[in-house]
1. When you go through F103, F139 one by one, which is the residue that is closer than 21 Å to A48 by Cα and modelled with pLDDT under 90?
2. Identify the residue in segment 1-34 that is surrounded by 14 or more Cβ atoms within 10 Å (Cβ to Cβ) and of a type in the set (G, A, S) and, among all such residues, is farthest from the chain's Cα centre (by Cα).
3. Is it true that V67 is under 23 Å from V36 (Cα atoms), within 17 Å of the chain's Cα centre (by Cα), exposed (fewer than 15 other Cβ atoms within 10 Å of the Cβ) and of a type in the set (A, V, I, L, M, F, W, C)?
4. Might you check whether a residue that is in contact (Cβ under 8 Å) with a residue 40 or more places away in the chain, over 21 Å from S16 (Cα atoms), surrounded by fewer than 21 Cβ atoms within 10 Å (Cβ to Cβ) and among the aromatic types (F, W, Y) occurs anywhere in segment 88-106?
5. So which of E114, E127, E89 is at pLDDT 90 or above, farther than 21 Å from M1 by Cα, outside any loop (DSSP other than H, G, I, E, B) and not small (G, A, S)?
Amino acid sequence: MTKVHVHMHVSDLDKSREFYRAFFGSAPVKEKLGYVKFLPEWGPVNLALSQGGGPGAGPVDHLGIQVESTAEVTAQLARIKAAGLPVREEMGVNCCHANQDKFWVQDPDGVEWEVYHLNYDLEGESEVTPDRAGQVIGFLPLAKMGACCGPSSCAS
């Protein structure tokens with residue numbers, strides 16, 4: 001099922017986790033240091049919450065659409081390129097504790113959208129990685145440091 005993805009910065013991860021647990025009526029599907037993910041059964045949403053955010057970061061980090069296959073990512077990428085929109089491709093990247101194939105576009109106001117397929121979850125050894133402002137952006141696997149959980153955290 002295609003899902004709308006919303007990645008939000010929150011000031012208190014514990015309070016937000018409990019709010020969304022009550023709101024969605026289900027427990028998070030993934031919990032890591034500074035990160036929680038919900039996939040409620042009754043709504044086509046993939047909600048990721050991260051503790052804090054960089055200077056000036058608003059509550060919404062980025063938006064996205066999770067699709068069912070890499071072939072769908074590729075088809076949407078071709079369509080969007082044909083429409084003349086600039087894109088940033090990231091295939092086979094480790095991001096938000098998972099391996100993904102994705103691309104990014106930015107709307108005229110700077111809102112980042114990703115279209116992605118989750119290839120598999122990452123488990124095992126990890127370490128805390130700070131963003132450029134020194135804020136913890138979460139655990140990233142040792143095998144692929146420098147990956148990110150959103151465009152505001154990506155190294156260019």
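1. That would be F139, the only listed residue that is closer than 21 Å to A48 by Cα and modelled with pLDDT under 90.
2. The residue in question is S26.
3. no
4. The answer is yes; a qualifying residue exists.
5. E89
Per-residue answers, yes or no, for (1) farther than 19 Å from D107 by Cβ; (2) touching a residue at least 60 places away in the same chain (Cβ under 8 Å); (3) charged (D, E, K, R):
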site	(1), (2), (3)
T2	yes, yes, no
H7	no, yes, no
A22	yes, no, no
E31	yes, no, yes
V36	yes, no, no
G43	yes, no, no
L49	yes, no, no
L63	no, no, no
A71	yes, no, no
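The values are calculated or read from the model by the stated rules, or taken from the named source; none is laboratory data. Quick caveat, the model's predicted, so the values are computed rather than measured. Every residue, glycine among them, receives a Cβ derived from its backbone with ideal geometry; neighbour counts consider all protein chains shown.
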